[in-house]
Amino acid sequence: MIKEAKFYQKPPEAKVLVMNINRRKILLERISEKLTGKNVKVPEIFIKERTFFRFLIESYKRIRIKTEKEILQKYRIPSLEQAGQKIIDEIKDTALQRIKDFNRRVFVLINRLSLVSKRKEPTTAIVTALYDRPKKGVDLLSDDFKTFLEKVKKLCILIKENNIPLKSITGMQSSLGIPDLEKLEKFIDFIKNKNLNIKEISARRIGKGIPSIKELEY
């Protein structure tokens with residue numbers, strides 16, 4: 001019996017996020033034209049609806065569960081059924097703010113990393129590769145937004161300046177999120193000095209993270 005693929009509707013919380021992804025091409029082309037006076041073509045981001053919408057739905061659910069647990073623990077209330085309306089409203093409001101923050105970070109990742117991607121048509125796999133069904137301890141909201149943005153900027157610089165395929169990084173970091181940038185920098189320096197093929201290394205390390213120098217020497 002063939003199992004039919006499950007279709008995922010766009011979650012209502014993602015309306016603005018999806019709109020921003022779709023508008024990104026036009027906005028960047030307008031900005032480029034104003035800055036350079038030239039008509040610069042920016043590739044569209046292809047939304048892989050089935051994977052991307054499932055990723056968002058599951059992520060929103062985790063955010064709500066975590067928020068409910070934290071706030072109930074704060075007030076020492078054993079279950080939601082025993083919470084008053086004021087606390088229930090606080091849970092809902094806090095979860096919604098976290099979801100908005102999550103969406104903003106998803107857009108930042110897609111927007112910034114697509115600029116260093118070598119794909120002619122970047123896709124939402126840029127972010128789902130890193131954060132879909134994350135491993136224990138991996139959380140897109142773990143850093144404050146300023147720290148998160150600094151990490152994304154530095155990751156983009158490392159990839160661009162060293163001509164590293166984005167796919168190699170997202171492959172090794174599958175479900176592990178943004179890599180430890182100090183470790184990534186050492187890894188890049190090592191493979192460049194030893195003239196090693198990053199694609200061959202990354203193919204053997206899907207979801208295992210950036211290897212240490214010690215691991216590479218064996």
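Since every read-out is calculated from the coordinates, none of them should be taken as a lab result. Values in this document were obtained by computation on a predicted structure and should not be read as measured data. Here the Cβ is made from the backbone with ideal geometry for all residues, glycine too, and neighbour counts use every protein chain on show.
For this structure, a couple of remarks:
- 222 nm mean residue ellipticity, helices alone, for the chain (DSSP H n ≥ 4; -39,500 (n - 2.57); rounded to 500): -20000 deg cm²/dmol
- Charge dipole (debye, nearest 20) of the chain; +1 at Cβ of Lys and Arg, -1 at Cβ of Asp and Glu: 500 debye
- Farthest towards the positive end of the charge dipole of the chain, among the residues Pro78, Leu140, Ser32, is the Cα of Ser32, using unit charges on the Cβ of Lys, Arg, Asp and Glu.
- Residues within the reach of a label modelled at Glu182 (point 7 angstrom out along Cα to beta-carbon, backbone nitrogen below 20 Å), restricted to the range 152-169, are 152-159.
- Above 19 Å, the calculated P(r) of the range 62-133 contains 49 percent of its Cα-Cα pairs.
- Cα-Cα separations in the chain greater than 25 Å, expressed as whole percent: 49 percent
- Using every pair of distinct Cα positions in the range 144-218, the Kirkwood expression returns a hydrodynamic radius of 12.6 angstrom.
- In the calculated pair-distance distribution of the range 100-179, the portion above 16 angstrom amounts to 47 percent of the Cα-Cα pairs.
- For Thr123, residues with placed amide H under 5 Å, excluding near neighbours: Phe46
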